[in-house]
Amino acid sequence: MTMFRAMLAGVLVAGALTAFSGGAMAADQSKELSVEVKNKSEREICAEKDNVALELSSPVVKHMTVQAVHPSYIGMIVADRYAPDFTSCDMNTDPVFGTDAKRVTFFETPEMWLTGYAYPSFWRPGTVPVKVGNRVETGLHFVQFWIRHKERAEEVLVFYPPDGYWRARPLPPAHLNWSAYGSSFLIGPVETQIRPIVDLKEISFDPDKKLFTLSFKRGGSATIAIKIIDQDRIVLDVDYKDIPKNYPLAALRSMYVTQTNNDMAEVAWRTKDGTQWKEAPIFSFTDAAVTELWAGRLVPSRHNLSAPDMVFGNFR
């Protein structure tokens with residue numbers, strides 16, 4: 001790292017940590033619980049494969065907050081980068097998702113709506129029902145949550161019912177018309193079926209509360225409430241009920257090839273009664289008990305340049 005990049009990284013990580021440690025994530029530290037974070041990431045040369053895997057486990061945690069926060073360098077972006085990069089990729093053995101999708105908007109008001117897609121082929125069957133009120137949609141592989149902001153339609157949250165993957169992003173900042181998705185997260189009992197998944201039984205949405213309820217095949221349920229959506233962050237409150245204790249309760253999935261080609265490259269974390277944040281590159285991070293976890297980037301990447309940092313905390 002050059003002297004300039006080293007100085008820039010120091011400035012950016014200070015800004016990144018300040019951005020969420022004193023904001024919506026603020027909590028009574030005396031009541032905080034720790035979760036065990038296991039780093040199951042593997043090296044990869046293809047930028048289109050999720051090789052970063054962080055699993056969060058606790059037998060007692062029943063609540064947490066998940067945030068997607070614009071990276072600290074967001075104000076420096078002039079031209080975004082979001083095109084896929086298939087350099088050094090062998091996709092022959094990857095699941096086929098298909099491109100000829102059927103589209104249905106199955107809930108809509110002037111301020112928010114849900115649009116689902118069913119693909120001709122997907123790596124897991126689209127058998128998980130998605131409910132809004134009395135309406136039930138089956139066969140969906142991918143669902144978008146849209147809101148209206150300043151007379152524009154903005155997609156801020158997506159999820160995949162067959163495997164339990166979610167992605168979130170804040171509203172784009174004032175100087176950009178759009179910002180990218182980045183890392184994915186899973187909520188619920190995380191298991192491996194070819195890759196990490198959450199096996200869902202049903203998803204329902206309460207528009208009045210902006211609340212998703214997830215029922216799991218392994219038992220128990222969770223709710224995801226959308227608490228804040230603005231041009232800095234999206235904040236999700238997650239509550240668990242009776243989920244099995246022998247599975248991770250959440251996971252982060254992302255991509256890292258190099259410091260300049262990734263969706264996330266660094267982690268920072270707090271420990272119970274800790275006096276400072278700890279920081280490490282993703283492949284230097286070892287398993288830890290944390291009360292707050294940040295996963296993001298300190299310097300711009302050529303891949304999904306505007307993708308948000310992810311923050312997990314408020315474990316109770």
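The values are calculated or read from the model by the stated rules, or taken from the named source; none is laboratory data. Nothing here was measured: the structure is a model prediction, and the numbers come from that model. Because the Cβ atoms are built from the backbone with ideal geometry, glycine has one as well, and the counts that use them run over all protein chains shown.
Okay, here's what the table says:
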| item | result |
| --- | --- |
| Residue within region 206-217 that is more than 27 Å from LYS49 (Cα to Cα), crowded, with 17+ Cβ neighbours inside 10 Å, hydroxyl-bearing (Ser, Thr, Tyr) and touching a Leu at 6+ places or on another chain (Cβ under 9 Å) present | yes |
| Considering residues of region 47-81 that are of a type in the set (A, V, I, L, M, F, W, C) and surrounded by fewer than 17 Cβ atoms within 10 Å (Cβ to Cβ) only, the residue modelled with the highest pLDDT | VAL60 |
| Some residue of region 136-157 being in contact with a Phe, Trp or Tyr (Cβ under 6 Å, 6 or more places away or on another chain), within 30 Å of LYS245 (Cα to Cα) and polar (S, T, N, Q) | no |
| Whichever residue in region 151-183 is without any contact (Cβ under 8 Å) to a residue 12 or more places away in the chain and part of a loop (DSSP other than H, G, I, E, B) and, among such residues, is surrounded by the most Cβ atoms within 10 Å (Cβ to Cβ) | ASN177 |
| Subset of region 91-113 (residues that are acidic (Asp, Glu) and at pLDDT 75 or above) | ASP100, GLU108, GLU111 |
| Number of positions in region 103-140 that are in contact with an Asp or Glu (Cβ under 9 Å, 6 or more places away or on another chain), more than 16 Å from PHE212 (Cα to Cα) and not hydrophobic (A, V, I, L, M, F, W, C) | 3 |
| Matching residues in region 192-201 - criterion: being of a type outside the set (A, V, I, L, M) and either surrounded by fewer than 17 Cβ atoms within 10 Å (Cβ to Cβ) or in contact with a helix residue (DSSP H, G or I) (Cβ under 9 Å, 6 or more places away or on another chain) (or both) | THR192, GLN193, ARG195, LYS201 |
| Matching entry among GLU137, GLU155 (being among the acidic types (Asp, Glu) and over 18 Å from ASP206 (Cβ atoms)) | GLU155 |
| When residues of region 259-316 are limited to those that are small (Gly, Ala, Ser) and buried (at least 22 other Cβ atoms within 10 Å of the Cβ), the one nearest to LYS62 (Cα to Cα) | GLY313 |
| Qualifying positions in region 48-93 - in a strand (DSSP E or B) and closer than 24 Å to PHE285 by Cβ | VAL52, ALA53, LEU54, GLU55, LEU56, SER57, MET64, THR65, VAL66, GLN67, ALA68, VAL69 |
| Flag if ARG148 is surrounded by fewer than 22 Cβ atoms within 10 Å (Cβ to Cβ), modelled with pLDDT of 95 or more, at negative phi and touching an Asp or Glu at 6+ places or on another chain (Cβ under 7 Å) | yes |
| Condition met for PHE122 (modelled with pLDDT under 95, part of a loop (DSSP other than H, G, I, E, B) and crowded, with 18+ Cβ neighbours inside 10 Å) | yes |
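Conditions (1) without any contact (Cβ under 8 Å) to a residue 60 or more places away in the chain; (2) over 17 Å from the mean Cα position of the chain (by Cα), marked per residue:
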position: THR223; (1), (2): yes, no
position: ALA250; (1), (2): no, no
position: MET255; (1), (2): no, no
position: ASN261; (1), (2): no, yes
